[in-house]
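Chemist: Below: one structure in structure tokens.
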Number of protein chains: 2
Amino acid sequence: MLHFGALEAGGTKMVCAIGNENGQILERVSIPTETPEKTMPALIDFFKDKGLAAIGIGCFGPVDLDKNSKTYGFITSTPKLSWKNYPIVAEFEKTLGIPVGFDTDVNAAALGEAVWGCTKTVKNSIYITVGTGVGVGVIIDGKPYHGMIHPEGGHIFISRRKDDPMEQGICPYHATCLEGLASGPAIEKRWGVKGAALSDRKEVWELEAYYLGQAICTYIMTLSPERIILGGGVMHQQQLLPMVRREVQKQMCGYVQGKGMDNLDEYIVPISLNDNQGAMGCIKLAMDAWKEKGEAQ
Amino acid sequence: MLHFGALEAGGTKMVCAIGNENGQILERVSIPTETPEKTMPALIDFFKDKGLAAIGIGCFGPVDLDKNSKTYGFITSTPKLSWKNYPIVAEFEKTLGIPVGFDTDVNAAALGEAVWGCTKTVKNSIYITVGTGVGVGVIIDGKPYHGMIHPEGGHIFISRRKDDPMEQGICPYHATCLEGLASGPAIEKRWGVKGAALSDRKEVWELEAYYLGQAICTYIMTLSPERIILGGGVMHQQQLLPMVRREVQKQMCGYVQGKGMDNLDEYIVPISLNDNQGAMGCIKLAMDAWKEKGEAQ
């Protein structure tokens, strides 16, 4: 069976994995994200000499996903300055000499779930990660969706609840976007300690659910997904997901009816792949790149 | 050349047209929308005996677009009670005996522009109509997008501007959704007269542009369209579109960069088909239904 490489390239750490065509992860290591000069050799070291057919990268962004663009495969305007305008795809192609699949980190996670996880029975789904940032991966007709650039659903504007103790969100771009009000660092800024230490503070999670519910209503009314997955560190708070479902029900006010809306327990769901969804999605990106290369030859 | 029927089924009027495979509209009449008992015979009368290959319907909604559903082709939970749960597709199939294409009114308009108008050079686009209601048609990979039900982009939540003289929106479902704050009737409620009589009141259009700009930023961050079309009666105010572009630029704060965002004059555009985009989209729906029927036989 062929083996494929998977790189979940995050702003804090790089998760490198090897997997097979069934999405099984056979090996997995984590390397801190420093500068390209330091980090890239460590990544190459892990993947080289493993007889890989291809590698797939799910990358922090924004990234250029347009294959007709001169900067395809670049990390573009990231605030992590040493990676700004870095041609990560070309570097791997050059040093490993194998096909490289490429997409955003959240699209890769959405794809992993769509191929092997809880969204494999539907064609159109979204994957929301709520952690250091908030990101939304979008699967349409079974494939990661890009459009003009790629969705940036974590930055949609939402209405601040009037009794929010924090006057405005922490996003440097937008006063009241979802990431600025509901990411892990936003929770910590608002309450003075990390969310992990706030599990028994009901008001913390009521407010969080209010914001996530509001955003999910917007995703339903724009992207009309057949299923919605919630992942990321903040969702490790087990009490949060049922509260989010109740907020969606409440804020939608019955406007969108039928199908998923009639059974939110099956419509808004947790991750199903034990935090391997990102790496597994990268494996699928690698498989697609390998297949595309074969077809082109 | 084959002839196709087009029905733009609206809550106020039914626009019936005949067109050809080039999207040319050869004949066009408008019939008031009353009850199905009164209106349907008038529609059938127009379309029958015209030798049509198929008919396409772009319908007010919500509608059931799922071909695997028992209520496919029904108008579902509309507030126009006489049309609630009305099987409009089956009625036309039965009485005309030809294939019937079916989609939402806004998806049909988006499709007309995507096939023959200003979005024919891109794969992914949206069409926003701002009139009696606000609707968003979504084209992905050249085809109308449905997902779970269909996008209902007019009802996304937006933040009310603090100095808005209207305390809350007019939508019966949501206190501050786009339709409730920015539709034609919302403008009339807020200022006491119809928008058409307010052309020279700068504050009216600044507020309208603020809301539309806010919503468009959300569409960009969720649907990532390659081009955005603004149509509908409210957009007849020529001063509004440039103001909307400025608001998008301002509210995005440089977060999404490149491509369309670098040239908003070509990214956010007016309709290009002289208010025939809906009928022309219906012609395309009819053509697709005819082709599908042929392939099935």
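Chemist: Out of the residues in segment A:153-162 that are surrounded by fewer than 22 Cβ atoms within 10 Å (Cβ to Cβ) and touching a residue at least 40 places away in the same chain (Cβ under 8 Å), which is nearest to the other protein chains (Cβ to nearest Cβ)?
Modeler: The extreme case among them is A:Ser159.
Chemist: May I pose another question? Can you list residue pairs whose Cβ atoms sit under 8 Å apart, with the first residue in segment B:6-26 being within 21 Å of B:Pro79 (Cβ to Cβ) and the second being surrounded by 24 or more Cβ atoms within 10 Å (Cβ to Cβ) and acidic (Asp, Glu)? Count only pairs 6 or more apart in sequence or on different chains.
Modeler: B:Glu8/B:Asp105; B:Ala9/B:Asp105; B:Gly10/B:Asp105; B:Met14/B:Glu8; B:Val15/B:Glu8
Chemist: Can you tell me which residues in segment B:4-19 are part of a strand (DSSP E or B) and surrounded by fewer than 18 Cβ atoms within 10 Å (Cβ to Cβ)? Spell out the reasoning first.
Modeler: Of the residues in segment B:4-19, the ones part of a strand (DSSP E or B) are B:4-9, B:13-19.
Matches in segment B:4-19: B:Lys13 only.
Chemist: Could I ask something else about it? Answer with yes or no whether A:Lys250 is more than 19 Å from the chain's Cα centre (by Cα), at pLDDT 95 or above and within 14 Å of chain B (Cβ to nearest Cβ).
Modeler: Against the criterion (more than 19 Å from the chain's Cα centre (by Cα), at pLDDT 95 or above and within 14 Å of chain B (Cβ to nearest Cβ)), A:Lys250 qualifies.
Chemist: While we're looking at this one, here's another question. Go through segment B:237-254 and give me each residue that's free of Cβ contacts under 8 Å to residues at least 12 places away in the same chain and assigned to a loop (DSSP other than H, G, I, E, B).
Modeler: Correct list: B:Gln238, B:Cys253, B:Gly254.
Chemist: For segment B:35-66, how many residues are closer than 28 Å to B:Tyr173 by Cα and loosely packed, with under 14 Cβ neighbours inside 10 Å?
Modeler: The qualifying residues number 1.
Chemist: Looking only at segment A:111-118, decide whether some residue is more than 13 Å from chain B (Cβ to nearest Cβ), part of a helix (DSSP H, G or I) and β-branched (Val, Ile, Thr). Give the steps one after another, and end with the answer.
Modeler: Initially, segment A:111-118 is screened for residues more than 13 Å from chain B (Cβ to nearest Cβ), giving A:111-118.
With part of a helix (DSSP H, G or I) added as a condition, the list becomes A:111-116.
When the remaining residues are screened for being β-branched (Val, Ile, Thr), the result is A:115.
Yes: one or more hits.
Chemist: Shifting gears a bit: With a cut-off of at least 1 residues that are touching a residue at least 40 places away in the same chain (Cβ under 8 Å) and surrounded by fewer than 24 Cβ atoms within 10 Å (Cβ to Cβ), name the helices (runs of 4 or more DSSP H) lying wholly within segment A:170-226.
Modeler: The qualifying helices (runs of 4 or more DSSP H) are A:184-191, A:202-223.
Chemist: Next question, about the same structure. Residues that are crowded, with 16+ Cβ neighbours inside 10 Å, in a helix (DSSP H, G or I) and within 18 Å of the chain's Cα centre (by Cα): does segment A:123-133 have at least one?
Modeler: No: zero hits.
Chemist: Check whether at least one residue in segment A:140-149 is at pLDDT 95 or above, facing chain B (nearest Cβ under 8 Å) and not in a loop (DSSP other than H, G, I, E, B), and report yes or no.
Modeler: Yes.
Chemist: Here is a list of conditions, (1) of a type outside the set (Val, Ile, Thr); (2) surrounded by fewer than 16 Cβ atoms within 10 Å (Cβ to Cβ); (3) closer than 30 Å to B:Thr176 by Cβ, and B:Gly294 meets all of them except one; can you say which number that is?
Modeler: (3)
Chemist: If A:Trp205 passes every condition in (1) within 12 Å of another protein chain (Cβ to nearest Cβ); (2) under 26 Å from A:Val256 (Cβ atoms); (3) of a type in the set (Phe, Trp, Tyr) but one, which one does it miss?
Modeler: (1)
Chemist: Here's a follow-up. Out of the residues in segment A:20-58 that are part of a loop (DSSP other than H, G, I, E, B) and of a type in the set (Lys, Arg), state the one that is nearest to A:Lys80 (Cα to Cα).
Modeler: Step one: list which residues in segment A:20-58 are part of a loop (DSSP other than H, G, I, E, B), which gives A:21-24, A:33-35, A:48-53.
Checking which are of a type in the set (Lys, Arg) leaves us with A:48, A:50.
Values: A:Lys48: 26, A:Lys50: 30 Å.
Taking the candidates together, the pick is A:Lys48.
Chemist: Here are some conditions: (1) touching a residue at least 24 places away in the same chain (Cβ under 8 Å); (2) within 30 Å of A:Ile75 (Cα to Cα). B:Val234 meets all but one. Which one does it not meet?
Modeler: Among (1) touching a residue at least 24 places away in the same chain (Cβ under 8 Å); (2) within 30 Å of A:Ile75 (Cα to Cα), the lone unmet condition for B:Val234 is (2).
Chemist: Further question on the same structure: Can you pull out the residues in segment A:63-84 that are under 16 Å from A:Thr33 (Cα atoms) and not in a helix (DSSP H, G or I)? Please lay out each step first, then the result.
Modeler: Initial filter on segment A:63-84 (under 16 Å from A:Thr33 (Cα atoms)): A:75, A:78-84.
Those that are under 16 Å from A:Thr33 (Cα atoms) and not in a helix (DSSP H, G or I): A:Ile75, A:Thr78, A:Pro79, A:Lys80, A:Lys84.
Chemist: Shifting gears a bit: Testing B:Ile88 on (1) surrounded by fewer than 21 Cβ atoms within 10 Å (Cβ to Cβ); (2) farther than 25 Å from A:Ile139 by Cα; (3) touching a strand residue (DSSP E or B) at 6+ places or on another chain (Cβ under 8 Å), one condition comes back false. Which one is that?
Modeler: (1) is the only condition that B:Ile88 fails.
Chemist: Kindly evaluate B:Ala279 against the criterion of being surrounded by 16 or more Cβ atoms within 10 Å (Cβ to Cβ), outside any loop (DSSP other than H, G, I, E, B), among the aliphatic types (A, V, I, L, M) and under 15 Å from the mean Cα position of the chain (by Cα).
Modeler: The answer is yes for B:Ala279.
Chemist: Still on this model: Would you confirm whether any residue within segment B:223-237 is within 14 Å of chain A (Cβ to nearest Cβ), farther than 23 Å from B:Leu273 by Cβ and of a type in the set (Val, Ile, Thr)?
Modeler: no
The values are calculated or read from the model by the stated rules, or taken from the named source; none is laboratory data. Remember, predicted model here, so these are calculated numbers, not experimental data. Glycine also receives a Cβ, built like all others from the backbone with ideal geometry; neighbour counts cover every protein chain displayed.
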